Every structure is written in C-alpha cells, then in structure tokens.
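Trainee: Just passing along the structure, written as structure tokens.
Laboratory data are not the source of any read-out in this text; all were calculated from the coordinates shown. Worth saying up front: this structure is predicted, and the values here are computed from it rather than measured. Cβ placement follows ideal geometry from the backbone for every residue including glycine, while neighbour counts extend to all protein chains displayed.
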Amino acid sequence: MLKQFFIICSGSDTDILNACSKGEQNKYAGIGATVFFTALMAFIAASFALYTVFDNLYTSIFFGLIWGLLIFNLDRYIVSTIKKTGNVLDELVQATPRILLAIIIAIVISKPLELKIFEKEINQVLLEQKNELTLANKNQIAKQFNPNIKTLNKDITTLQQEIANKEAEVNALYDTYIAEAEGTAGTKLLGKGPVYKEKRDKHDALLAELQLLKAENKEKIATTESQIAKLQTDFETQVTTTQPIINNFDGLMARVNALNKLPWLPSLFIFLLFLAIETSPIFAKLLSPKGAYDFKLEDEETALKTNVLQNKSQREAMLKADFAINDRIYADLENEDELYSYKRTKARELMQLQADAFYKQQKNIL
C-alpha cells in the first residue's frame, strides 16, 4: 500500500510500471518518497513561517498545507516530465530548467526552517536591535520636547536671577543705612539722623518691591514648572505608547534580516541539504540507466505518435480527394438545364412572397 502510494507520488504511469520488475517499481517508489517528504518539509517550513506572520496556529497550518500541496505538485511534475532518451546532452537540456526550479524551491523551503533552527540566536540579535531601537526612539522623541523644556528652564533661571539681583540691592541698602546709623560710613555721625531715615526709607521701598517680585516670580516659576512637568509626562506617554511597536519587532522580515547577521556557513549547509533533497529525484532519473519502464513508455508514446500521424495523413488525403470530387460535381451541375429551371421557379415564388409581404406592410401603414 505504501509502495503504491509512493509510486503515485513519482508521477509514473502505474499501468506500465505494474508490468515491470520489482526493482523498477522500487526505483520509482524511492523517487516518489523523495517527492513526498520534500513536500512534507515544505508544509512544515511554510506553517512555521506563516505562524510568525499570522500568529494563529490553524491559519498557518491551512496555508502551509496549501503550500505543501503546491510543492508536491511541482516536484511530481518535474520528475514525471523528464524522459529517458539515451542521449545525455538531450536529457541535461530538458532537466536544466527543472533543476533551476528545484533550486528556487529549495531556497524557499530551507529559509523558514533556518529561522526555526537558529531561533535562539535570532532572538538574541532581535533583542539587541530592540534595545537599540528603544534608545533611538527615546532620543528622537526627546528632540521634540527637549528644546521647549530647555527654554522653560532658562525662563525659571531668569526669574530666579531677578530675585537674586533684587535681594543683592536690598542687602546693599541695608548695609548702607546700618553703617550710617553706626557712623562707620556716609556722614559718619552716630545715631539715626535724616540721612539714616532717607536711606532706611529707600531700603524699605526696595524691600517691598522685592517681596512683590518674589510673589510674582514664584507664581511664574510654579506655572513654568507645571508646563515642564506636563512636557515630561507627554514625553513618557509617547515613549510608552511607541514601545509596543518596538516590542513587536519580531516579524518574518525582521527575523530574516536577523538571520543574515549570523554566520553564513551553517545556513549554507542547510540550504545545500535541501537542495540535495529537492534535486535528488531529478539526478536519480538522469543517472539511472534506461530501464524497462522507459522502454515501455517510449513504445506506447511512439505507437500513439505513429497512429496520430497516420490518421492525420489519411484525413488530409481524404479532404484533398473530397475537394477534387466536389469541384467536378459542381462543374457538371453548372450546365444542367433541369436544375436551372427548378431554381428559377423557386426564386420566382420567393420574390412573389416578398412582394406580397411588402404590399401588406405598406397597406397597414396607410
């Protein structure tokens, strides 16, 4: 049962192969088994690759099954269309496009399996890329907020500097009127005279201005700090919002790019393995000697071809003879008076009927 199934997978004519030896049947069963297991590997590879895209097991299996059947059909077609002619050059010519197609199929099948085999190494590369993307993302977002935050901090520094300058002026006036009272500066008269009072009033007025400036600037600083806090909150919110996009940076294309960053030698060996599997049925047919199945198939095909050519030639001869006979018949009828009189009578009746119909139509219109 299993042997018959693999023979069907090989694309060979089962009726012809059943009349051949067991060895010939086993050869084609082996070719069919290679075709089947290649399609099975294609199914597994496609299912895994699609799972990384859809993240749904049943959807991935469904489309993977379709892909596996497609590869099975292509491989079966490739193997079944290679005919053993006994001419090596002729066989290589007809096998060349099939080998190229087999190489393409091997690449398509091997790549998803490479992604699964080197999954841990790829995850490490993706982690490093995600960390780099996270830092780059924060820097890009910071460029949107840092200029405004820097300007607002500069405004706070300016407001604080205004208060410090005013305090310095107030302190200077305080030292001045204290020195006047002590007689160590100014008029150098000990006691609180008119000059002392004038300097004290000037100090008190400037102190009142300082208190008012502190109150105003404190309110401005509080407002500016709230703006800075809002900008920092918006920055953190935007970073948090965009982070899931980076965390999901593990799709099929990202994994393929990560695979390309790994050493190429292991991937090459895996590709060569699948290339050998994919092309083995073709080379098995090319290298194997022309067997009983090939002779029987060639016999049937040539017999059918000969029969078709004979039928075609006979039909062409019959058609040519029929044309010649028809030409002679119509040439004889052309001069026959009885046929002329008969057709003249029928034509006259037809014209009368047309005239009557036209008359009735015109009468109805009037």
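Trainee: Local charge sum around THR223 (other residues, Cβ-Cβ under 12 Å, Lys/Arg +1, Asp/Glu -1)?
Mentor: That sum, taken over residues with Cβ under 12 Å, equals -1.
Trainee: Return an integer: the convex hull volume of the alpha-carbon atoms of segment 197-271, in Å³ per residue.
Mentor: 113 Å³
Trainee: A further question follows. Which links in LYS154/LYS220; LYS138/LYS220; LYS83/LYS290; LYS150/LYS230 stretch past 18 Å when you go from one Cα to the other?
Mentor: Correct reply: LYS138/LYS220.
Trainee: For segment 308-365, just say rounded, prolate or oblate: build the C-alpha gyration tensor, square-root its eigenvalues into a ≥ b ≥ c, call rounded for a/c under 1.5, and beyond that prolate if a/b exceeds b/c, oblate if not.
Mentor: Oblate, because a/c is 1.5 or more while a/b does not exceed b/c.
Trainee: Rounded to the nearest 0.05, what FRET efficiency do ILE99 and LEU40 give with R0 = 22 Å and r taken as the Cβ-Cβ distance? Could you check?
Mentor: For ILE99 and LEU40, the calculated efficiency is 0.55.
Trainee: Residues of segment 279-301 with backbone nitrogen within less than 16 Å of a virtual label 7 Å along the Cα-to-Cβ line of VAL88, please, listed as ranges.
Mentor: Of the residues in segment 279-301, 283-290 have backbone N under 16 Å from the label point off VAL88.
Trainee: Could I ask something else about it? Divide the volume of the convex hull of the Cα atoms of the chain by its number of residues and quote the answer in cubic angstrom per residue.
Mentor: Dividing the Cα hull volume of the chain by its residues yields 486 Å³.
Trainee: Let me ask another. Starting with the fewest neighbours, write out CYS20, CYS9 ranked by other beta-carbon atoms found within 10 Å of each beta-carbon.
Mentor: If I rank by nearby Cβ atoms, fewest first, I get CYS20, CYS9.
Trainee: Quick one, could you list the DSSP H helices from the chain stretching 18 Å or more along their long axis (Cα atoms) with average Kyte-Doolittle hydropathy of 0.0 or above?
Mentor: 22-54, 57-80, 88-117, 264-287
Trainee: If the cut-off is 19 Å between C-alpha atoms, which lysines fall inside it for LYS116, apart from same-chain ones fewer than 8 positions away?
Mentor: LYS261
Trainee: Now for a separate question. On a full-extension model of 0.36 nm per residue, what is the gain between VAL308 and MET351, subtracting their alpha-carbon distance, rounded to one decimal in nm?
Mentor: Full extension from VAL308 to MET351 adds 10.4 nm.
Trainee: Given R₀ = 56 Å, what would the calculated FRET efficiency be for ILE61 paired with LYS230, taking r from the Cβ atoms and rounding to 0.05?
Mentor: Here the calculated transfer efficiency is 0.65.
Trainee: Further question: Take LYS363 and ASP322, extend 7 Å from each Cα along the Cα→Cβ direction, and tell me the distance between the two endpoints in nm.
Mentor: Output for this residue pair reads 4.8 nm.
Trainee: By how many nm would the segment from ASP250 to ASP332 lengthen if fully extended, with 0.36 nm per residue of separation less the alpha-carbon distance?
Mentor: Gain in length upon complete extension: 20.7 nm.
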